[in-house]
Amino acid sequence: MGVDRVPPAGSAGRVRAVYPGSFDPFTPGHLDVVGRARALFDEVVVLVAVNGSKHPGLDEEQRAADVRAGLPAGWTSVTVAAWRGLTAEYCLRHGAGVIVRGVRNTSDFQAECRLAAMNRSLGVPTVFLPAQPELAAMSSTAVRAFGNSPR
């Protein structure tokens with residue numbers, strides 16, 4: 001078994017990472033993953049995606065606007081985009097070399113491994129970032145259930 005090398009994206013060997021999710025809503029856990037991804041990659045695209053198995057309260061453009069509003073102003077290497085389609089297709093079209101996924105527990109990890117295998121077969125490797133212990137219990141579902149805004 002070989003080690004995947006993250007292919008360069010953009011110019012001069014810069015690596016663009018994509019962090020996809022439904023972000024309904026964008027939580028402090030999501031913000032933490034974006035912050036840690038910033039430290040690893042030259043650029044991070046938070047990709048607000050449409051997931052057919054989920055039924056968010058807002059459309060992807062509105063959720064993308066909420067994510068943008070939740071990012072610190074100084075994070076100039078982070079952009080937000082809305083997308084309908086496969087994450088790997090977005091990566092290939094926009095020169096992103098890696099997908100970033102946050103995992104909170106072993107159930108998340110097992111599900112994410114299946115997605116990572118599919119994305120790898122399409123040419124895009126995945127990097128997993130484990131949740132910080134104090135944020136591991138937080139999910140968008142829990143935030144919605146308790147009616148709390150993450151901001």
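Quick notes on this one:
- Yes/no for ASP24 being in a loop (DSSP other than H, G, I, E, B), in contact with a helix residue (DSSP H, G or I) (Cβ under 9 Å, 6 or more places away or on another chain) and acidic (Asp, Glu): yes
- Residues in the stretch 15-31 that are β-branched (Val, Ile, Thr) and at pLDDT 95 or above: VAL15, VAL18.
- Within the stretch 110-128, being within 13 Å of CYS91 (Cβ to Cβ) and open to solvent by less than 30 Å² (accessible area, probe 1.4 Å) holds for ALA116, ASN119, VAL124, PRO125.
- Just one of the listed residues (ALA131, ALA82, ALA96) is open to solvent by less than 20 Å² (accessible area, probe 1.4 Å), touching a residue at least 24 places away in the same chain (Cβ under 8 Å) and not aromatic (Phe, Trp, Tyr), and it is ALA96.
- PRO72 fulfils the conditions (1) closer than 19 Å to PRO28 by Cα; (2) crowded, with 19+ Cβ neighbours inside 10 Å except for a single criterion, (2).
The values are calculated or read from the model by the stated rules, or taken from the named source; none is laboratory data. Being a predicted model, the structure only gives us computed values, none of them experimental. All Cβ positions, even for glycine, are placed from backbone atoms using ideal geometry, and neighbour counts span all protein chains on display. We work out accessible area using only protein heavy atoms, side chains counted, and drop any ligands, DNA or RNA first. Shrake-Rupley method; radii C 1.70, N 1.55, O 1.52, S 1.80 Å.
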